[in-house]
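Visitor: Structure incoming, see below.
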Amino acid sequence: EVKRNGKNGYKYYSCEFNEQLQLRLELESELRKAMEREEFRLYYQPQISSIDNRMIGVEALIRWEHPTKGIISPGVFIPVAEESDLIYSIGEWTMREACRQMKKWHDEGVFFASVSVNLSARQFLQPNLVQQIHVILEETGLDPSFLVLEITESMMMDASHSIGILNELNSTGVKISLDDFGTGYSSLSYLKHYPIYKLKIDRSFIIDITTDESDQAIVATIISMAKHLKMEVIAEGIETKEQLDFLTSHDCKEIQGYYYCRPLPAQVLEEKYLAIQAENNGIWGDLKH
Ligand code: C2E
Ligand code: MG
Ligand code: MG
Ligand code: MG
């Protein structure tokens, strides 16, 4: 009996494995066509100042609008793209599109926010990255000080020359933000040598922040450390007023999360922003209590 179960179990596993592989290969081949079919979209999620509740930045988050499967999230296709060369063209498209859109918003006087763009690990190691970003900034005309690059701790640790890349990027005037901060596997000593502008506290510390004393201690410590290192700090994944209250009472000056706004297509965000300007003096969230 045990044997038969084992055999069935194996067969079942093997079948599922093939199915998984099949899906993956399908995804990769469709991903190749997605670029020419122009199926990628950037969504933008506001970053709000907790001092005056105004929008000071947006994070660009990629989506794949698949013709039959609907909207596919980056968590599904970015890892597949990372394992092929596709990540280079997707990364370049994202950078250009985010800069183009932000420059357009600046030119039209909609808002003068900054745009944060996520870099993948392989993109970060791409030899011509700095040059590519430089060209895109020239082409689009976006002022470099309005571009924030989101990288993760592991990306810095994996490359012996990462300090060189970061210094070069920094000298072009763009800013570096450490995404998912606190989840990486690294020492803190790099914080004093690397040109890091902002720490982005990972959502995993925020989820239970109102009840979990360890999370409270970690988050309060990151905020205080950033302050002492003269870095900016932002918290991601804020969904409730209670989470927001903890962060503001601990002096976290920037907030991003569903509480204020989900990531939205450019046009939808623009309409929402203008409505908040008109109806609430540009003040986001509920200040009535
Ligand atoms: P990330 O950079 O840490 O982005 C934050 C993720 O949290 C986004 O998921 C965002 O939609 C989600 N989020 C924001 N606020 C909340 C909230 O209040 N609650 C919850 N539950 N989630 C919230 P998304 O858009 O699915 O992106 C997932 C990850 O995919 C990103 O994590 C980033 O690592 C990667 N990614 C997204 N766009 C790009 C891109 O253009 N290039 C690269 N290389 N990676 C990207
Ligand atoms: Mg990010
Ligand atoms: Mg993040
Ligand atoms: Mg995260």
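All of the numbers you see were taken from the coordinates with simple rules; none came from a lab. Note that the structure is predicted; figures quoted are calculated from it, not measured. Virtual Cβ from ideal backbone geometry, glycine too; neighbours counted across all protein chains shown.
Visitor: What is the range 5-155 by shape, rounded, prolate or oblate, if you read a ≥ b ≥ c off the alpha carbon gyration tensor as root eigenvalues and call it rounded for a/c under 1.5, prolate for a/b larger than b/c, and oblate otherwise? Walk me through the intermediate numbers first.
Guide: On the way: a/c = 2.31, a/b = 2.05, b/c = 1.13.
Because a/c hits 1.5 or more and a/b exceeds b/c, the range 5-155 counts as prolate.
Visitor: What net charge do the residues around W105 carry, taking every other residue with its C-beta under 14 Å from that of W105, with Lys and Arg at +1 and Asp and Glu at -1?
Guide: On the way: positive: R100, K103, K104, K272; negative: E97, D107, E108, D143, E270, E271.
Neighbourhood net charge equals -2.
Visitor: List the longest stretch of the chain that has no exposed loop site; here a site is one of the chymotrypsin sites (Phe, Trp or Tyr not before Pro) assigned by DSSP to anything other than H, G, I, E or B, with at most 13 other Cβ within 10 Å. The partial results should precede the final answer.
Guide: Numbers: sites that count: F112, Y185, Y258.
Between the exposed loop sites, the longest stretch runs 1-111.
Visitor: Another one. Evaluate the relative contact order of the chain (contact order divided by residue number), counting alpha-carbon pairs under 8 angstrom at least 6 apart; express in whole percent. Kindly include the intermediate steps, with their values, before the conclusion.
Guide: On the way: 411 pairs, mean separation 51.5, N = 289.
RCO, the chain: 18 percent.
Visitor: Continuing with this model, one more query. Based on DSSP loop calls and a cut-off of at most 12 other Cβ atoms within 10 Å, the longest stretch of the chain free of exposed GluC sites (Glu not before Pro) is what?
Guide: The answer is 109-289.
Visitor: Here is a further query. In deg cm²/dmol and to the nearest 500, what is the mean residue ellipticity at 222 nm of the chain if only DSSP H runs of at least 4 residues count, each as -39500 (n - 2.57), divided by the residue total? Mind showing how you got there, number by number?
Guide: Working: 11 runs with 143 residues, N = 289.
The helix-only estimate for the chain comes to -15500 deg cm²/dmol at 222 nm.
Visitor: Something else now. Indicate the gyration tensor shape class of the range 95-202 (rounded, prolate or oblate), computed on the Cα atoms with a ≥ b ≥ c the square roots of the eigenvalues: a/c under 1.5 is rounded; otherwise a/b larger than b/c is prolate and the rest oblate. Mind showing how you got there, number by number?
Guide: Numbers: a/c = 2.26, a/b = 1.65, b/c = 1.37.
Prolate shape, in that a/c is at least 1.5 and a/b is the bigger ratio.
Visitor: Averaged over every viewing direction, what's the projected area of the C-alpha convex hull for the chain? Give it in nm², one decimal, please. Write out the running numbers ahead of the final one.
Guide: On the way: hull surface 77.5 nm².
Reported value for the Cα convex hull: 19.4 nm².
Visitor: Next question. With a ≥ b ≥ c the root eigenvalues of the C-alpha gyration tensor of the range 148-289, is it rounded (a/c under 1.5), prolate (a/b larger than b/c) or oblate?
Guide: Note, shape of the range 148-289 comes out oblate.
Visitor: Hey, another quick one. So which of K200/K230; K175/K253; K200/K227; K200/K241; K103/K241 end up more than 23 Å apart by C-alpha?
Guide: On the way: K200/K230 14 Å; K175/K253 17 Å; K200/K227 13 Å; K200/K241 19 Å; K103/K241 32 Å.
Check vs 23 Å cut-off fails for K103/K241.
Visitor: Also, quick follow-up: Quick one: longest stretch of the chain between exposed loop trypsin sites (Lys or Arg not before Pro), exposed meaning at most 13 other C-beta atoms within 10 Å and loop per DSSP?
Guide: Details: sites that count: R37, K69, K230, K288.
Free of exposed loop sites, the longest segment is 70-229.
Visitor: While we're looking at this one, here's another question. Once you list every other residue whose beta carbon is under 11 Å from the beta carbon of I223, what net charge do they have if Lys and Arg are +1 and Asp and Glu are -1?
Guide: Details: positive: K227, K253; negative: E232, D251, E254.
Neighbour charge sum, excluding I223 itself: -1.
Visitor: If each residue of separation counts as 0.36 nm, what is the full-extension length gain between M225 and E82 once their alpha-carbon separation is subtracted? Before the final figure, lay out the partial values.
Guide: Numbers: separation 143, 0.36 × 143 = 51.48 nm, distance 3.26 nm.
Separation in residues times 0.36 nm, less the Cα-Cα distance, equals 48.2 nm.
Visitor: For the range 151-214 and the range 19-74, compute the distance between their C-alpha centroids and round to whole Å.
Guide: 23
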